[in-house]
Amino acid sequence: MASIAVPGPTKRHSSVQKFFSDQTKWTPYLFVAPFFITFAIFTLYPMLRAVVMGFQESLGYTGKWEWVGLANFVEALTNDSRMGIALKNFVYFTVGSLATQLPCAFVLALLLTSPALKAKSLWRTLFFIPSVLPGVTMGIIGGWFFSKTHGFANALLVAFGGPRVDWAGLAQFIIPNLLVIAFWQWMGNHAVFLIAGMSGIGDEIIEAAIVDGASPWQRARYIILPLLKPVFAYISITAAAGSLMNFEVPYVFLGTGGGARGKGWFFMTHIQQMAFGQFRMGYATAIGWLVFFIAVVITILQLRLYEFRLGKEEA
Amino acid sequence: MVTPALFMQRPQARPKIGLFRLRAIVTTTIAAILALVFVWPFLCILAATFNKLDVVMNPLIPIPAKFSLQFYQLMLGEKYHFQDYIMNSVVVSVSTTVLSALASTLSGYALAKLRFPGRGLLFSIIIGVMLLPTATMLVPQFVVMRELKLVNSYWGLILPGVGGGAFGIFLMRQFMLNIPTEMLEAARMDGANEFALFSRIVLPNAKAGIGVIATLSLRGNWNALLWPQLIITDPARQLLMPQIALHNNMMVEVWAIHVVRTASLVAAIVPLALYAYSQRHFVSTLAGAIKG
């Protein structure tokens, strides 16, 4: 990189004067200032407060704090049934989302890249659109879809001679319903990402496979699928992180009470309820740190998982 | 363009035109049917917002039993006046986006192209804090806002949006790295000062990047539910998304649910329009970010 010596001032100045007389010295700080000042106040400082707050408890809404040591963490891990529900729902929802969405997204991506297909970008757009909708809108649409009296799901069931199901009132339907909503919202999005990944696969690899007599099925299974592993890794890590922070759809779809028989708690709805429903801000922060810990563990595990498999193939 | 990796044929073994046309018809029909199944429920709820109250409508058919703009009138009427919340949301998300795009562009440029002591440290702090999830930051951030007396103020929504855009900084820095350093050096040699450099060379070259982060920020701020719900306590000043969620939780009249549905579909117009506008940018940028 070429670096050009800026001619210094001829007179001798104090170091402060020197700093301000050379524009290239102080403008960088001016440029980063708007972001870093707000960043320091509204992100960095709260982060430092978070470290302390996990070991504190707020005394109601007074703004006073009491030191409680590890009590928050102990309570969250041993004496909070909603934490157990939230963890179970997180695992169930994440695994369910990936297991239903990824295979369908892969098949859809293969279909949408077929050269015989007309109006490719139209279909791609239609499948992608639900992922653009706000979480609040998705929650409301979900509420309509699973409404007992005038919902889409029950109308379909009744049309085929089935019973009218009280989807919202039964705890066992909470996660399946959320999985249906999530499938509708994210499957097409994943397919578009996979299509983008497919465009990175070199023509010569596919050509070589064709010359070697590989059938379309063999090409999909043994060439395209393995080469898309980084994309699958990216999708599953962001999906897991997303469902860890799952708030809007469950909050709107299930309401503030955690759904039927309180079985629909997620970490975010629990934190929100603890902090702003019961004013236990210290406790809610402690849960936030536990969620951060889970996020780190999951990301490391997933990276390991995909790297390990890639490494094995190279060997 | 996307390589049709799976279906590519050996050059000498091209299928006959008739066979190809048949395949085109079959695959296009399958795609069309799947897409129709996919958007069908959305069309149905959209039609339901144009139905007349008390007229029973089949939820499986996307045609109102009796067409009426009743729910839209109610939504914008004296009782619900959602237009106020839409305006509030527009004000907050546009100001946040403008300020945060400006701050990110300036910082991204400085971090990518200017050399100054402390640059590496600042960048590592951003990357480190970027990893902290909302779950951890939500409550402490709210406590700080309360101490700064920014609760129930739009600044309480705008300023954290400007200072929380670590991802925007990261993205802008990546875009800025593509601007040739020689171009900047040449302008400096010609006597351009640092501000002229930024406005005449950096900004025009960073347009695509600014477009992407502005779109992401606008969409994120428009869609936000949790933070405005906490910060804004005065219902009249509340934004659109928290108001929809609120009305959804306390439905008093029979028609309230229909008004809420109508408002939630109207609320989706902004992200849909943003998507339509920036579709090319969006898909190619995100695809570029995950390649390799």
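Quick note: the coordinates plus some simple rules give every number you see, no bench work behind them. Quick caveat: nothing in here was measured; it's all calculated off a predicted structure. Note that each Cβ is placed from the backbone with ideal geometry, even for glycine, and that neighbours are counted across all protein chains shown.
Just a few scattered comments:
- Cα-based shape type of the protein assembly as shown, given that a ≥ b ≥ c are square roots of the gyration tensor eigenvalues and the cut on a/c is 1.5: oblate
- Relative contact order, percent, chain B [alpha-carbon distance under 8 Å, six or more residues apart]: 22
- Amide H contacts of A:GLN56: A:VAL68, each under 5 Å away and 5 or more positions distant or on a separate chain (H built 1.01 Å from N in the peptide plane; Pro and chain starts excluded).
- With kT/(6 pi eta Rh) evaluated at 4 °C and eta = 1.567 mPa s, and Rh the Kirkwood radius from Cα pairs, segment B:119-171 diffuses with a coefficient of 106 µm²/s according to Stokes-Einstein.
- Normalised size of chain A, defined as Cα radius of gyration per 2.2 N^0.38 Å with N residues, equals 1.35.
- Contact order, relative form, for segment B:204-264: 22 percent (alpha carbon pairs under 8 Å, 6 or more residues apart, mean separation divided by residue count).
- Overall, the anisotropy analysis places segment A:16-120 in the oblate class: the square-rooted eigenvalues a ≥ b ≥ c of its C-alpha gyration tensor yield a/c not less than 1.5, with a/b not exceeding b/c.
- Cβ-to-Cβ counts within 10 Å put A:SER14, A:SER243, B:SER199 in ascending order as A:SER14, B:SER199, A:SER243, the fewest first.
- Based on DSSP H segments of at least four residues, each scored -39500 (n - 2.57), chain B has a per-residue ellipticity at 222 nm of -22000 deg cm²/dmol.
- Mean Kyte hydropathy of 0.0 or more with a Cα span along the axis of at least 27 Å, helices from DSSP in chain B: B:17-48, B:82-113, B:269-290
- Highest-fluctuation residue, B:MET189, B:MET172, B:MET87 considered, GNM on chain B with Cα pairs under 10 Å: B:MET189
- For segment A:143-195: rounded, prolate or oblate by the Cα gyration tensor [a/c cutoff 1.5]: prolate
- Convex hull volume of segment B:15-68 per residue (C-alpha atoms, cubic angstrom): 74
- Number of partner chain Cβ atoms within 10 Å, mean per residue of A:282-290: 4
- Modelled FRET efficiency - R0 30 Å, B:LEU22 with B:ALA273, Cβ distances, 0.05 increments: 0.20
- Extent along principal axes [Cα atoms of segment A:53-194; Å; largest to smallest]: 67, 39, 27
- Residue exposure sequence - A:TYR222, A:TYR92 - by fewest surrounding Cβ within 10 Å: A:TYR222, A:TYR92
- Filter on A:LYS148/B:LYS52; A:LYS64/A:LYS263; A:LYS120/B:LYS207; A:LYS88/A:LYS148 - keep pairs with C-alpha separation over 30 Å: A:LYS64/A:LYS263
- Using the Karplus relation 6.51 cos²θ - 1.76 cosθ + 1.60 with θ = phi - 60°, the per-residue 3J(HN,Hα) values for segment A:46-55 come to x, 5, 5, 4, 4, 4, 6, 4, x, 9 Hz, with x marking Gly and Pro.
- Test item: A:196-208 mean partner chain Cβ contacts at 10 Å: 4
- Residue-averaged beta-carbon neighbours from other chains (10 angstrom radius) around B:51-61: 2
- Packing-based exposure ordering (other Cβ within 10 Å, fewest first) of B:ASP234, A:ASP22: B:ASP234, A:ASP22
- Relative contact order (%) - criterion: Cα under 8 Å, at least six apart; region: chain A: 25
- Cα Rg over Rh - chain B, Kirkwood: 1.07
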